[in-house]
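This report concerns only the one structure given below.
The values are calculated or read from the model by the stated rules, or taken from the named source; none is laboratory data. Note that the structure is a prediction, hence the values are computed from the model and not measured. Note that each Cβ is placed from the backbone with ideal geometry, even for glycine, and that neighbours are counted across all protein chains shown.
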Amino acid sequence: MAEATGTNLTVNDPSMGNDSEPENKSGFMDTLGSADMMRQMALVVVLVICVAIAVFILIWAQEPDFRPLAKMETQELIETLDYMDANQIEYRLEGNTVYVRSDEFQTIRLGMTRQGLTGSSDAGTDIIMQDMGFGVSQRVEMERLKHAREQQIAATIEDISSIQKARVLLAMPKENVFARREKKASATVVLTAKRGKVIAGEEVDSVIDIVASAVQNMEPSAVTVTDSNGRLLNSGSQDSLSARARKEYEIERQREQEYLEKIDAILIPVLGIGNYTAQADVSMDFTALEQTQRSYNPDLPAVRSEMINEQNSVGGGAMGIPGALTNQPPLDSNIPENPEAGAQATLPGSTSKVSTRNYELDTTISHTKKQSGVIRRLSVSVAVDYLQVAGEDGTTSAEPRNQEALLNIRRLLQGGVGFDVTRGDSLEVVSVPFTRMDDGIVEDAPIWEQPAFLPILKLVIGGLVIIVLIIFVIRPMLRRLINPDESKEADDFDADEGLDLGDETISMLSTDFDEGQVGFAADGSLMLPDLHKDEDVLKAVRALVANEPELSAQVVKGWLMQDE
């Protein structure tokens, strides 16, 4: 049996801390050098991966949400990127689509609108001003000029507030010296409305007039207009009857909407929003009638013209040859002094009367042109909700409105919509109970539907994952890299189970020993008593070695390294 006398165990003195720091550093380097290389590399790789995962999660948690701004053409995309770079706006570019932060979306849109980044106003001018050079055929030159005109017309159409983008295609036939073979020009326009806006009929008419007036010898009926959804707004090939029917239908719907707006303006202050519903049906007459009428009034004659020619001659006139001698009576003529009584003198005379009189009757000529698009019949139906009445116990009940209130509403609507009994208008006002959803207390949206919930959740999840990695992965790995022996002993030793030394051995170790036998040497080492003096301690050590061989091996290994 081996005996050990004066066994020394080195004990670190706090006062000697500065001298022991190099020894600790050298011990760490020795531990790294003595560890298995493959094990060490594997731990380092896993540690780096864990750190990378933690960094990725942290970046992902702090990354803002992006939403697409717009999909743009190349020229518009360049101008937009220049604007964002100048204002230091964070963005992402995927193809021709620009993504911006969700919380800055509206601000960026307003800024771009203020800068006028909605299109190029000089479209087509660059083609016209460009030098075509020599050797360019007339056909190519005409095509380039036509393309420039198309861009200019499209830019003009885009100035309309509700139109975001316009594309114009012109079909211009070649000029022909024969008038009979001359063909008319035609055009096709594709419109893209701005978000939330609808292209009205007046705007379509404006587009047609713009195109027709910008191209020589083009009739408005030769312009076809469609929107980006394929809806036909105006057809150049459609017959006049179909186009007229479509326009008449749009006019009727527009008049119905006008009547509904009048009804809302009357009933909202009286009943409130949601307490009534109304519908209007308008039947219009688009018949075009022109008539010319001529009427005569025989009771009021009027002389239009009158001509009277009257001649009357009394006695004989001078006869014979004109002259004094011929007019003298003969010398031997006997003229009785007393003519016979009762004899009448024969007086020569001539009477002539001509009369012509024209009468004009009272004539009325009227030319009447009947107005087209007049309302033939108007029908309005209004349903009014029951009146909510509060009871004595605090509960509310629905009761129908009385006839007096309904009559008052009816009179208001008759005056507001221009009710006319002669043309057969009808107006119905009825009180009916509305089916409503539960109008309880409006609760706030759940926390997971709040806008700030997702960013906070990302931060919390990222923080939890990082904490779990640090506690359960990174920390044990660092401990094993720094102190591989201690980690192994900690794994093998279970403090809850303890060492099974037996009652006798525990009683031996718990007995008091002489403190005078323990002391410090000159070099600071701990002096233990000679083990051969106490056989009981040797038995305890043997039991410890038998029960914990690995721990004993580590102690012996430490002694050997200390001796070296």
Of everything in the stretch 175-212 that's over 29 Å from the mean Cα position of the chain (by Cα) and within 17 Å of ALA243 (Cβ to Cβ), which residue is surrounded by the fewest Cβ atoms within 10 Å (Cβ to Cβ)?
ALA212
Meets criteria (in a loop (DSSP other than H, G, I, E, B), modelled with pLDDT under 75 and out of contact with any Pro (no Cβ under 9 Å at 6 or more places or on another chain)) for GLU392:
no
If I go through the stretch 299-320 residue by residue, how many of them are at pLDDT 75 or above, loosely packed, with under 10 Cβ neighbours inside 10 Å and of a type outside the set (A, V, I, L, M, F, W, C)?
6
Out of the residues in the stretch 153-174 meeting the condition of being in a loop (DSSP other than H, G, I, E, B) and not hydroxyl-bearing (Ser, Thr, Tyr), tell me which one is surrounded by the fewest Cβ atoms within 10 Å (Cβ to Cβ).
LYS174
Cβ-Cβ under 6 Å pairs, at least 6 apart or on other chains, the stretch 286-311 side within 30 Å of SER355 (Cβ to Cβ), far side at pLDDT 80 or above and hydrophobic (A, V, I, L, M, F, W, C):
ARG294/ILE365; ASN309/VAL354
In the stretch 281-296, which residues are among the β-branched types (Val, Ile, Thr) and under 23 Å from GLU428 (Cβ atoms)?
VAL282
The correct count of residues that are under 28 Å from the mean Cα position of the chain (by Cα) and modelled with pLDDT under 85 in the stretch 213-229 is 0
Can you tell me which of (1) assigned to a helix (DSSP H, G or I); (2) exposed (fewer than 14 other Cβ atoms within 10 Å of the Cβ) is the one LEU267 doesn't meet?
(2)
For the stretch 87-100, state whether one or more residues are modelled with pLDDT of 80 or more and either among the aromatic types (Phe, Trp, Tyr) or in the same structural domain as SER228 (by TED's automatic domain parsing) (or both).
yes
Would you pick out the residues in the stretch 541-564 that are surrounded by 12 or more Cβ atoms within 10 Å (Cβ to Cβ) and either under 60 Å from the mean Cα position of the chain (by Cα) or at pLDDT below 70 (or both)?
none
List the pairs whose first member sits in the stretch 348-369 and is closer than 30 Å to PHE286 by Cβ and in contact (Cβ under 8 Å) with a residue 24 or more places away in the chain, whose second member is exposed (fewer than 10 other Cβ atoms within 10 Å of the Cβ) and of a type in the set (Lys, Arg), and whose Cβ atoms are under 6 Å apart, counting only residues at least 6 apart or on separate chains?
ILE365/ARG294
Would you mind listing the strands (runs of 3 or more DSSP E) fully within the stretch 60-101 where at least 1 residues are under 29 Å from ALA452 (Cβ atoms) and in contact (Cβ under 8 Å) with a residue 40 or more places away in the chain?
66-71
I'd like the full set of residues that are touching a Lys or Arg at 6+ places or on another chain (Cβ under 8 Å) and either hydrophobic (A, V, I, L, M, F, W, C) or assigned to a loop (DSSP other than H, G, I, E, B) (or both), limited to the stretch 216-226.
ASN217, MET218, ALA222
Of the residues ILE49, ILE127, which is at pLDDT below 75 and among the β-branched types (Val, Ile, Thr)?
ILE127
With the first residue restricted to the stretch 195-223 and required to be of a type in the set (Lys, Arg), and the second required to be at pLDDT below 90, Cβ contacts under 7 Å at 6 or more apart or on different chains are LYS197/SER162
Among the numbered criteria (1) over 25 Å from GLY373 (Cβ atoms); (2) small (Gly, Ala, Ser); (3) not in a helix (DSSP H, G or I), which one does SER213 miss?
(3)
